[in-house]
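Worksheet: one structure, shown below.
The values are calculated or read from the model by the stated rules, or taken from the named source; none is laboratory data. What you see is a predicted model; the values in this text were computed from it and never measured. Using ideal geometry, Cβ is built from the backbone for each residue, glycine included, and neighbour counts are taken over all protein chains shown. To get the accessible areas, we keep the full protein, side chains included, count just its heavy atoms, and leave off ligands, DNA and RNA. Shrake-Rupley method; radii C 1.70, N 1.55, O 1.52, S 1.80 Å.
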There are 2 protein chains.
Amino acid sequence: MPMLNFQNPVRFDFGSVKKLPEVLQRQNIQRPFLVTDHGLLDSGLLERVTDVLNDLSQATIYDGTPGNPTEEAVNEALASYHAEECDGVVCIGGGSPMDLGKAVALLAVSGGLLSQYDPLQGGNKLVKGVAPLIAIPTTAGTGSEASLGFVISMSDGRKLTFANPKFLPKMAICDPEMTLGLPPLLTAATGMDAITHCIEAVLASPVNPPADGIGLDGLWRGWQHLRRAVNDGNDRTARWEMMMASTEGALAFVKGLGAVHSMSHAAGRIKELRLHHGTLNAVILPTVLRFNESACASKYPRLRQAMGLSPDADLASEVEQMNADIGLPSGLAAMGLSEELIDDMVPHAVADMATMTNPKPINAEDFSELFRLAM
Amino acid sequence: MPMLNFQNPVRFDFGSVKKLPEVLQRQNIQRPFLVTDHGLLDSGLLERVTDVLNDLSQATIYDGTPGNPTEEAVNEALASYHAEECDGVVCIGGGSPMDLGKAVALLAVSGGLLSQYDPLQGGNKLVKGVAPLIAIPTTAGTGSEASLGFVISMSDGRKLTFANPKFLPKMAICDPEMTLGLPPLLTAATGMDAITHCIEAVLASPVNPPADGIGLDGLWRGWQHLRRAVNDGNDRTARWEMMMASTEGALAFVKGLGAVHSMSHAAGRIKELRLHHGTLNAVILPTVLRFNESACASKYPRLRQAMGLSPDADLASEVEQMNADIGLPSGLAAMGLSEELIDDMVPHAVADMATMTNPKPINAEDFSELFRLAM
């Protein structure tokens, strides 16, 4: 069974979810806390995991993860974790259960309030430990199973990114079979999330050629297989390749990300709209590609090559065409965002961690203009 | 300062060697055992390292590393390590001091005979621990600073590969300035070692797309910059890129290698000839590329793309042309090997660890023929 080991151990193969009991045993988890959401429960996917557990009575299921996980939900889940005397977290789902589960694993051992761990405020010094964490992705996009970060919508209205090597799952189980039933629109949105990770990571300013190589390989796989995965959800090759692109996206973004993510996070925190992170990335990506090009022109030919495009192809237009082909909205306005919200979003985009690694310096005025262009 | 962290932490930048005292302190090494060779001593490169140490009187220098390090030399160095009550190993040099230093670090803590740690004989179970190990490469080829393997010519005539995550240096310090004085022929031979690592790793049979991506990125950098580094040893950009290609080669070959290395190891163990490992790889590579093509045809277009070649270019011929351009021999015969030695080398190639991951099954008869073709 393919085993990757660049950030954390990743068991990657069809059927790998059957290895969960063995993994729990090795991590010495007797009372697992399974973090998931209603969608997973309704679709029957959760059952595919619980079916392989030896003793389900020892497991606690938390299925209340909201779309963009909130601090309130983290605290609710944490109370249940403690009440049931759990000793490890298993995240099952897309990015939201992963993020929420990581927050629970942190607070379960390190205690205190989530806000105190804000890495931009020196919070990493306070991380005492993290409960053993296993990640089983059911979408191919977030890559959170191989990433040391997680994002939570805080009660004070901010959307905070937490990042620490201790937040890496002890083991990721990537089973492309878990994504076979994913509906076309969710396949498209999460797939573009993976592709955005690969592109933004390659373009991010820090120097890290191995991460560039991984991002380009992920982009090569993702760009070739996303239309196939959307058109035929049972295309096993396309599902395998999209899940690999997703994992590679996360391995690549150890370098950092860029303005697409700053803007997506700023828009994603508007709770009433419940905007999907991957869809936001897809819709914002072309505008930021046009903005950044002058600062990293030497990297654009490599992106074109990885995507199998001609040397004179316009990257932004190609992404717009992809979005159209796979049924994603053409702009932020079509997602329900209006220009009046821009002034509210801009300071959040400026303060976002991803802004620091955007290849081109970017200020509030730029963000304002980019939001307008992306409408 | 760029910091890579895919296998072990790698401080990668011009001038990074100045960080050695800080690194020793963090690893709690008070009495470092510096492993190097006469060439490093004579060239004045060793001084560049000892000059930055706070208290040279606490350090022991072992400069007796032979070209292809032997078990005898390992034992000699180990005796000195113990006699001087050292508490950590710093390898300074090309692949040979790295390999020897890793063996000393293993035996210093785990004890016993080196042969008992043969991984193909279950030796990894016996590894109790390894002394803290720092690696400072002075060539751009082996990548040993970021690899969990080392190769020793055993007293019984075998050339054994040892591999264990514990053999990864605790920290690698990659300072391209250390390679500025490297003579053209050594630049060529070590550079082709790095390029062979990238190519063989990408072609190796295990499934590991992130490693493929890193290997292709290393190949892209190495192929573009090797002629430049050979032609002008002071070309800082070329030196930086070649050192990165070398590190990436090692990160890529976590997948495994192939028949080029099986054959190089088999030839390199003939002590009287003192054949350079990188030169052997360079000379053998075209023959193995022709042999393997039918088994991994889908990967050859990606190699061509990374090397900037036209889609119909013949990889083997391009490597032959590169070897000629940078002054490497055209075949094994030109290196002093004769056909009479083939029967002696073949069983060693068959038994080599790299044979298991060659993309095309390969037996004694094939190796015999490949040695003949590579003459």
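So what's the convex hull volume per residue for the Cα atoms of the range B:1-64, in Å³?
Taking the convex hull of the Cα positions in the range B:1-64, it is 106 Å³ per residue.
Net charge near B:SER115: determine it from the other residues with C-beta under 14 Å of the C-beta of B:SER115, scoring Lys and Arg +1 and Asp and Glu -1.
Summing Lys/Arg as +1 and Asp/Glu as -1 gives -2.
When Lys and Arg each count +1 and Asp and Glu each count -1, what net charge do the other residues less than 13 Å away from A:ALA333, Cβ to Cβ, add up to?
Counting the neighbours of A:ALA333, the net charge comes to -1.
Counting only DSSP beta bridges with both residues in the protein assembly as shown, what percent are antiparallel, rounded to the nearest 5?
30 percent
If I fit a long axis through the Cα atoms of helix B:184-203 and take the longest principal axis of the Cα atoms of chain B, what angle between them do I get, 0 to 90°, rounded to 10?
The angle comes out near 70 degrees.
Using Cα pairs under 8 angstrom and six or more residues apart, how large is the relative contact order of chain B, in percent?
Dividing the mean separation by the residue count of chain B yields 15 percent.
Can you pull out the trypsin sites (Lys or Arg not before Pro) in the range A:272-314 whose DSSP state is coil and whose Cβ has at most 12 other Cβ atoms within 10 Å?
Filter output for the range A:272-314: A:ARG274.
Within the range B:46-181, what whole-number % of the accessible surface is contributed by carbon and sulfur, with the 1.4 Å probe and all protein chains included in the calculation?
50 percent
Using 7 Å Cα-to-Cβ label points, what is the B:LYS166/A:LYS18 separation (nm, one decimal)?
So the two model labels end up 3.3 nm from each other.
Which translational diffusion coefficient, to the nearest whole µm²/s, is obtained for the range B:202-260 from the Stokes-Einstein equation, given a Kirkwood hydrodynamic radius over C-alpha pairs, 37 °C and 0.692 mPa s?
D = 278 µm²/s.
Enumerate the calculated ³J(HN,Hα) couplings along the range B:348-355 in order (Karplus 6.51 cos²θ - 1.76 cosθ + 1.60, θ = phi - 60°), each rounded to whole Hz, writing x wherever the residue is Gly or Pro.
5, 5, 4, 7, 5, 4, 5, 4
On C-alpha positions alone, give me the angle between the axis of helix B:277-292 and the longest principal axis of chain B, in degrees, nearest 10.
On a 0 to 90 degree scale, this one is about 30.
Taking every pair of Cα atoms in the range A:38-188, average 1/r, invert it to obtain the Kirkwood radius, and report Rg/Rh to two decimals.
Expressed as Rg/Rh, it is 0.95.
Can you list the residues of the range B:1-34 whose accessible area drops by at least 10 Å² going from the chain on its own to the full set of protein chains, with a 1.4 Å probe?
The answer is B:PRO2, B:MET3, B:LEU4, B:ASN5, B:PHE6, B:GLN7 - residues whose exposure falls by at least 10 Å² when every protein chain is included.
Against the empirical 2.2 N^0.38 Å scaling, what ratio does the C-alpha Rg of the range B:173-239 come to?
Relative to the 2.2 N^0.38 Å estimate, the range B:173-239 comes out at 1.19.
Mean residue ellipticity at 222 nm from the helices of chain B, using -39,500 (n - 2.57) per DSSP H segment of n ≥ 4 over the full residue count, to the nearest 500 deg cm²/dmol?
-14500 deg cm²/dmol
Counting partner chain Cβ atoms within 10 Å of every residue's Cβ in A:203-210, what's the average?
So the per-residue partner count for this stretch is 6.
What residues qualify as long-range amide H neighbours of A:LYS159, i.e. H under 5 Å apart, gap of 5 or more or another chain, H built at 1.01 Å from N?
Correct list: A:MET154.
Translational diffusion coefficient, Stokes-Einstein: compute it for the range A:202-305 using the Kirkwood radius over C-alpha pairs as Rh, at 25 °C and 0.890 mPa s, and state it as an integer in µm² s⁻¹.
Here the translational diffusion coefficient equals 165 µm²/s.
Return the percentage of antiparallel bridges among DSSP beta bridges fully within chain B, rounded to the nearest 5 %.
30 percent
Quick check for me: using +1 on Lys/Arg Cβ and -1 on Asp/Glu Cβ, what's the dipole size of the protein assembly as shown about its Cα centre, in debye to the nearest 20?
Dipole magnitude for the protein assembly as shown comes out near 560 debye.
Pull up all non-local amide H partners of A:VAL89: gap of 5 or more, or a different chain, and H-to-H distance under 5 Å with H placed in the peptide plane.
Answer set, sorted by chain and number: A:PHE33, A:LEU133, A:ILE134.
For A:GLY67, what is the net charge nearby, where nearby means another residue's Cβ is under 10 Å from its Cβ and Lys, Arg count +1, Asp, Glu -1?
That sum, taken over residues with Cβ under 10 Å, equals +1.
With all protein chains present, how much of the accessible area of the range A:205-349 (probe radius 1.4 Å) comes from carbon and sulfur, to the nearest whole percent?
49 percent
Calculate one ³J(HN,Hα) per residue across the range A:123-132 by plugging θ = phi - 60° into the Karplus curve 6.51 cos²θ - 1.76 cosθ + 1.60, and present them in order as whole Hz with x for glycine and proline.
So the Karplus estimates, Gly and Pro as x, are x, 5, 5, 8, 6, 8, x, 9, 4, x Hz.
With N residues in the range A:1-123, what two-decimal value do you get for its Cα radius of gyration over 2.2 N^0.38 Å?
Taking N as the residue count of the range A:1-123, the ratio is 1.08.
What do you get for Rg/Rh over the protein assembly as shown if you use C-alpha atoms and the Kirkwood form of Rh?
Across the protein assembly as shown, the Cα-based Rg/Rh ratio is 0.98.
Could you tell me the distance between the Cα centroids of the range B:162-187 and the range A:316-375, to the nearest Å?
Here the two parts' Cα centres lie 43 Å apart.
What share of all Cα pairs of chain A, in percent, falls into each consecutive 20 Å distance bin?
32, 60, 8
If you roll a 1.4 Å probe over the heavy atoms of the protein chains, what accessible area per residue do you get for the range B:126-193, in Å²?
27 Å²
As I understand it, the dipole of chain A uses +1 on the Cβ of Lys and Arg and -1 on the Cβ of Asp and Glu, about the Cα centre. Which of A:GLY143, A:VAL23, A:THR50 lies farthest toward its positive end?
Towards the positive end, the residue furthest out is A:VAL23.
Just the number, please: buried accessible area between B and A, total of both chains, 1.4 angstrom probe, nearest 100 square angstrom.
For chain B against chain A, roughly 2000 Å² becomes buried.
With the Cα gyration tensor of the range B:164-209 giving a ≥ b ≥ c as the square roots of its eigenvalues, does the rule (a/c under 1.5 for rounded; else a/b larger than b/c for prolate; else oblate) give rounded, prolate or oblate?
Verdict is oblate for the range B:164-209.
Averaged per residue, what accessible surface does the range B:204-346 expose to a 1.4 Å probe, in Å²?
35 Å²
Label the range B:129-223 by shape, choosing from rounded, prolate and oblate, from the square roots a ≥ b ≥ c of the eigenvalues of the Cα gyration tensor; if a/c is under 1.5 it is rounded, and otherwise prolate applies when a/b is larger than b/c, oblate when it is not.
In terms of gyration-tensor shape, rounded.
Apply the Karplus parameterisation 6.51 cos²θ - 1.76 cosθ + 1.60, with θ equal to phi minus 60°, to every residue of the range A:85-101 and state each ³J(HN,Hα) to the nearest whole Hz, in sequence, with x for glycine and proline.
Here the 3J(HN,Hα) series is 6, 6, 10, x, 10, 10, 8, 10, x, x, x, 5, x, 4, 5, 4, x Hz.
What are the distances, in nm and sorted shortest first, from the label point of A:ASP42 to the label points of the same position in each other copy, with each label point placed 7 Å from Cα along the Cα-to-Cβ direction?
Listed shortest first, these distances are 7.7 nm.
What shape does the range A:282-375 have by the C-alpha gyration tensor, where a ≥ b ≥ c are the square roots of the eigenvalues, rounded means a/c under 1.5, and otherwise prolate means a/b greater than b/c and oblate the rest?
Since a/c reaches 1.5 but b/c is at least a/b, the shape of the range A:282-375 is classed as oblate.
So how tilted is helix B:71-83 from the main axis of chain B? Cα-based, degrees 0 to 90, rounded to 10.
Between the helix axis and the principal axis of chain B, the angle is about 20 degrees.
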